[in-house]
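Heads up: the structure comes next, in structure tokens.
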Amino acid sequence: MALRELMANMLIHQDFSITGTGPMICIFDGRIEFTNPGSSLVDVARLLNDPPHSRNEKMAAICR
């Protein structure tokens, strides 16, 4: 269930204005890394305190 949630979050927060690249999942021994191109909509220092923001509200609504 956690992997499904992380994959959905990658799609919801994907920056579609950046062409030629997309979300990437890298599987290593002992960990999995999920990366997305683009910058964060929330200041990294405020990730735990600020409300979440979505680049793709329609996709977020579908996933809810």
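The values are calculated or read from the model by the stated rules, or taken from the named source; none is laboratory data. Given the structure is predicted, the values throughout are model-derived calculations rather than measurements. SASA here: full protein model, heavy atoms, side chains in, ligands and nucleic acids out. Shrake-Rupley method; radii C 1.70, N 1.55, O 1.52, S 1.80 Å.
Restricted to Cα atoms, the chain shows a radius of gyration and a Dmax of 12.6, 35 angstrom. In the context of the full set of protein chains, residues of the chain present 82 Å² of accessible surface per residue (probe radius 1.4 Å, heavy atoms only).
Overall, the accessible surface of the chain at a probe of 1.4 angstrom is composed of carbon and sulfur to the extent of 60 percent. Multiplying the residue separation of Met1 and Ile27 by 0.36 nm and removing their Cα-Cα distance gives an extension gain of 7.7 nm. With an 8 Å Cα cut-off and a minimum separation of 6 or more residues, compute the relative contact order for the chain in percent. After rounding, I find 35 percent. Taking each residue as 0.36 nm, the span from Arg64 to Leu41 lengthens on full extension beyond its C-alpha to C-alpha distance by 6.3 nm.
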